[in-house]
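Asker: What follows is a structure written as structure tokens; I'll ask about it next.
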Amino acid sequence: MRRKNAGALFMDFHVSDDDRVGNAPKKSRGKAKTAKSGGKARKPARGSGRIEPGFADGDLRIDDAPVSKPKRGKAKTTRGRRKRERKPITLFGIIGKLFYWMLVLGFWAGLAVAGVIVYYAVQLPSADTWKVPDRAANIRILAANGQLISNRGKTGGEAVPIRELPYYVPAAFISIEDRRFRDHFGIDVIGLASVALESVRAGGVTRGASTITQQVAKNLFLTPDQTIGRKVQEALLAVWLEQTYTKDEILELYLNRMYFGYERYGIESASQYYFGKSARNLSLSEATILAGSLQAPSRLNPKGDPDRIKTRQSLVLNAMAKEGYISAAEAQAATIDPTETVRTKVLGAESYVADWVETLMTTYLGDVTEDVVVSTTINWDLQKQAEFAVKEAVAAHGAERGFSQAALVAMDVDGSVRALVGGVDYSQSQYNRAVTARRQPGSAFKPFVYLAGMEKGYTPDTIAEDAPIDINGWEPHNADGKYRGPMTLREALAMSRNTVAALLANDVGPDKVVEAAMRMGISSPLQPVPSIALGTQEVSLLELTAAYAPFANGGIGVLANVITRIETSDGELLYEAIPAGPGRVIEPNIVAEMNDMLHAAIEVGTGKRAELNGWPMAGKTGTSQKARDAVFVGYTSRMVAGVWLGNDDDEGTKLSGGNVPVEIWSAFMAKAHEGIPIAELPGGSAGGGLLEPDLQPMEQPPTQQREKRTLVDLLGDIFGGD
């Protein structure tokens with residue numbers, strides 16, 4: 001090593017070869033020599049190996065002392081004392097170990113599960129506030145004879161007590177949904193274990209394991225979210241339900257709340273909708289179809305895929321046989337024939353009536369909070385006759401004449417609606433063309449124009465001239481493009497001459513026409529403009545038909561009505577109709593004149609195709625621009641009926657009010673008047689002459705003066721003023 005001088009800050013030291021890395025120490029043959037300074041070398045520690053360098057007198061010295069090795073016998077003895085003796089491995093030892101660790105794992109798993117349960121349980125309201133929510137109110141709508149028209153409301157059917165159902169109805173649901181329903185406490189532990197084992201073997205979830213009670217809990221209290229939290233809460237609520245209600249009460253809740261597709265909730269609603277009968281009258285085959293549909297109501301409901309329905313029904317029947325509810329022979333007999341389709345109820349036109357009634361409930365009762373029974377004025381047989389007449393006509397003439405929709409309203413002369421058809425096929429379109437739609441009535445509006453004229457002093461025999469006219473730049477034309485010269489107002493209305501109607505409306509004033517129409521029962525807003533004479537403003541078929549009723553009943557205004565009585569399901573009376581209306585709206589002598597003219601419209605005018613087995617009748621046809629709408633409203637002293645034909649897209653047709661609408665009207669009215677003695681129109685006779693009215697007329701201009709008014713008078717009034 002390099003040596004520094006004495007004054008340097010570095011000390012001198014020596015490193016021997018033995019101190020280098022990788023060199024083993026040399027064995028000492030003798031005693032170590034002392035340092036030159038005379039110091040004694042340190043005695044090596046006993047049992048140590050190599051002696052580390054040390055300082056002596058300022059110089060570093062390294063002593064190579066021999067390393068003493070421990071005795072082998074003594075080392076063995078020490079290790080032997082420290083080594084633990086091993087016990088032999090036995091089967092019982094292994095089982096014990098497994099049991100121990102299973103207990104440990106089970107304890108911690110149970111603790112974790114308990115924590116999860118507590119966490120989600122505290123998110124629920126207090127148990128003493130839990131209550132099964134009230135079922136949405138049902139509106140049961142009946143025809144005049146008690147025939148069920150339909151159920152309405154959010155559920156679409158009433159709740160049915162389980163004791164009123166055939167035994168196989170609840171049995172079908174138990175067999176396929178929860179065969180241990182009568183035995184478990186709300187959670188089917190055996191079922192859970194079975195599903196878990198199946199899922200492990202299959203490598204994925206094979207099926208659900210929710211009990212009927214759990215399904216009730218989910219539907220009543222929870223959202224359909226598939227989360228751990230929701231399943232925990234569902235289980236807790238299921239246990240609560242089992243502690244609070246009997247098994248039959250839970251099953252009744254289940255059957256009356258479950259979803260069956262097509263917005264049908266509950267077994268009664270589904271039964272009425274799909275099979276047209278009460279759940280009390282379901283067959284075994286029908287019950288098993290409904291039970292099988294709950295797995296996937298949108299796909300397996302009775303209107304779904306027939307093959308899937310049949311397969312699912314077979315599973316339900318086999319499950320019922322396995323559980324002993326039915327025999328194998330009964331299961332075989334109830335199986336759907338593979339060669340036949342599942343027959344379900346076809347919704348009829350009475351559904352349009354039910355929709356209308358439902359919209360009226362708020363007016364009559366406000367919010368419906370309990371099940372109610374609504375009795376109506378609908379004549380079930382006439383309702384079906386009206387539907388048949390409409391469908392037959394559309395099928396026979398629709399394609400040829402370019403129309404696809406129809407509507408019909410029929411009512412007694414007091415305004416009681418006996419039949420109403422809002423469209424050709426309710427299952428295809430629920431839009432009510434009889435009540436909701438507003439259409440141009442065309443010339444079917446002209447009677448209100450002539451009514452205003454009669455009330456001003458004109459008569460059916462007043463002479464007018466059918467000729468080109470110009471009213472402040474408006475030049476109405478007749479449908480046939482021709483002009484027929486002088487004619488009576490009776491002839492002008494019968495032949496539906498537009499020029500004469502426009503002159504008359506302008507003479508009396510459009511405002512008087514509006515007033516007359518509204519007094520008769522038109523409720524849609526009308527504008528007093530010259531073109532109102534031709535029926536260019538839109539009204540509904542229902543209000544138009546009702547507005548003809550005063551002509552048929554002698555001049556008494558009516559309100560179209562369909563509800564006669566409303567009561568609770570327990571029989572408590574909530575509403576009962578009483579005669580009401582605006583009273584007299586036309587004087588009897590004016591009624592006689594109007595019936596005279598409107599009778600002529602059917603006898604020799606545009607409605608001459610109407611036939612009614614000798615009954616005196618009257619009415620008026622109407623056709624809007626481009627034949628978009630074809631209308632006929634006719635009446636006898638017993639009934640008023642209106643018919644509309646056209647297209648929803650307002651496309652033009654090849655119709656007129658005097659062809660197919662009159663045919664439908666005649667077919668329906670003939671059925672409606674079967675077996676009823678013939679009666680005269682107010683102010684008329686069988687020979688078509690006028691009768692003197694029985695009631696006192698209001699003051700009118702002298703008859704002699706009225707008969708002398710001609711078209712010259714009309715033109716003078718129009719252009720010269722009064």
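Asker: If R0 is 25 Å, what FRET efficiency do you get for Asn281 and Thr311 from their C-beta distance, rounded to 0.05?
Answerer: Numbers: r = 26 Å, r/R0 = 1.02.
Plugging the Cβ-Cβ distance into 1/(1 + (r/R0)^6) gives 0.45.
Asker: If you stretched the chain out fully between Glu340 and Asp414, how much longer would it get, using 0.36 nm times the residue separation minus the C-alpha to C-alpha distance? Each step should come with its number before you reach the end.
Answerer: Details: separation 74, 0.36 × 74 = 26.64 nm, distance 4.78 nm.
Difference between extended and current length: 21.9 nm.
Asker: Trypsin sites (Lys or Arg not before Pro), restricted to the stretch 442-518: which are DSSP loop and have at most 11 other Cβ atoms within 10 Å?
Answerer: Values: sites: Lys456, Lys482, Arg484, Arg490, Arg497, Lys512; in loops: Lys482, Arg484, Arg497.
In loop regions of the stretch 442-518 (DSSP not H, G, I, E or B), the sparsely surrounded trypsin sites (Lys or Arg not before Pro) are Lys482.
Asker: Shifting gears a bit: Between Lys231 and Phe185, take the C-beta separation as r, use R0 = 22 Å, and let me know the FRET efficiency to the nearest 0.05.
Answerer: Values: r = 17 Å, r/R0 = 0.75.
Taking R0 as 22 Å, the efficiency between Lys231 and Phe185 is 0.85.
Asker: At a Förster distance of 51 Å, what's the computed FRET efficiency of Phe99 paired with Thr568, Cβ-Cβ distance as r, to 0.05? It would help to have the intermediate numbers written out before the result.
Answerer: Numbers: r = 64 Å, r/R0 = 1.26.
FRET efficiency, Phe99 to Thr568: 0.20.
Asker: Could you pull out the GluC sites (Glu not before Pro) across the stretch 276-363 that fall in loop regions by DSSP (anything but H, G, I, E, B) with no more than 16 other Cβ atoms inside 10 Å?
Answerer: On the way: sites: Glu286, Glu323, Glu330, Glu340, Glu350, Glu358; in loops: Glu340.
Filter output for the stretch 276-363: Glu340.
Asker: Moving on to the next point. Tell me which residues come under 5 Å, amide H to amide H, from Thr488 once H is placed; ignore anything under 5 positions away on its chain.
Answerer: Ala464
Asker: Output wanted: per-residue J couplings in Hz (rounded whole) for the stretch 393-398, from phi through Karplus 6.51 cos²θ - 1.76 cosθ + 1.60, θ = phi - 60°, x for Gly and Pro.
Answerer: Calculated HN-Hα couplings, in order: 5, 5, 5, 7, 10, x Hz.
Asker: Quick one: which residues, 5 or more positions from Gly509 or on another chain, have an amide H under 5 Å from its amide H? H modelled 1.01 Å from N in the peptide plane, none for Pro or chain starts.
Answerer: Placed amide hydrogens put nothing under 5 Å from Gly509.
Asker: Shifting gears a bit: I need the Kirkwood Rh of the stretch 565-647: take the reciprocal of the average 1/r across all distinct C-alpha pairs and report it in angstrom.
Answerer: Numbers: mean 1/r = 0.0631 Å⁻¹.
In the stretch 565-647 this quantity evaluates to 15.9 Å.
Asker: Once amide H atoms are built 1.01 Å from N in the peptide plane, which residues 5 or more positions from Ile556, or in another chain, come under 5 Å H to H?
Answerer: Here the answer is Val585, since their amide H atoms fall under 5 Å of that of Ile556.
Asker: If you keep only loop residues by DSSP, which trypsin sites (Lys or Arg not before Pro) in the stretch 606-684 have at most 16 other Cβ atoms within 10 Å of their Cβ?
Answerer: Numbers: sites: Lys608, Arg609, Lys620, Lys626, Arg628, Arg638, Lys654, Lys671; in loops: Lys608, Arg609, Arg628, Arg638, Lys654.
Sparse-neighbourhood loop trypsin sites (Lys or Arg not before Pro): Lys608, Arg609, Lys654.
Asker: What are the ³J(HN,Hα) values, in whole Hz, obtained from phi via the Karplus relation 6.51 cos²θ - 1.76 cosθ + 1.60 with θ = phi - 60°, for each residue of the stretch 420-431 in sequence order, with x given for Gly and Pro?
Answerer: In residue order, the calculated couplings are 8, 10, x, x, 6, 9, 5, 5, 8, 8, 8, 5 Hz.
Asker: If I compute solvent accessible area with a 1.4 Å probe over the protein chains, what percent of it on the stretch 416-482 is carbon and sulfur?
Answerer: Values: 1110 of 2450 Å².
Here it works out to 45 percent.
Asker: Let me ask something else. Rounded, prolate or oblate, given the Cα gyration tensor of the stretch 284-433, with a/c below 1.5 counting as rounded?
Answerer: prolate
Asker: Positive end of the dipole of the stretch 495-628, charges at C-beta (+1 Lys, Arg; -1 Asp, Glu), about the Cα centre: which of Met520, Ala552, Gly607 has its Cα farthest in that direction?
Answerer: Gly607
The values are calculated or read from the model by the stated rules, or taken from the named source; none is laboratory data. None of the values given here were measured: they were computed from a predicted structure. Note: ideal-geometry Cβ built from the backbone for every residue, glycine included; neighbour counts use all protein chains shown. Just so you know, the surface numbers come from the protein's heavy atoms only, side chains and all, with ligands and any DNA or RNA stripped out. Shrake-Rupley method; radii C 1.70, N 1.55, O 1.52, S 1.80 Å.
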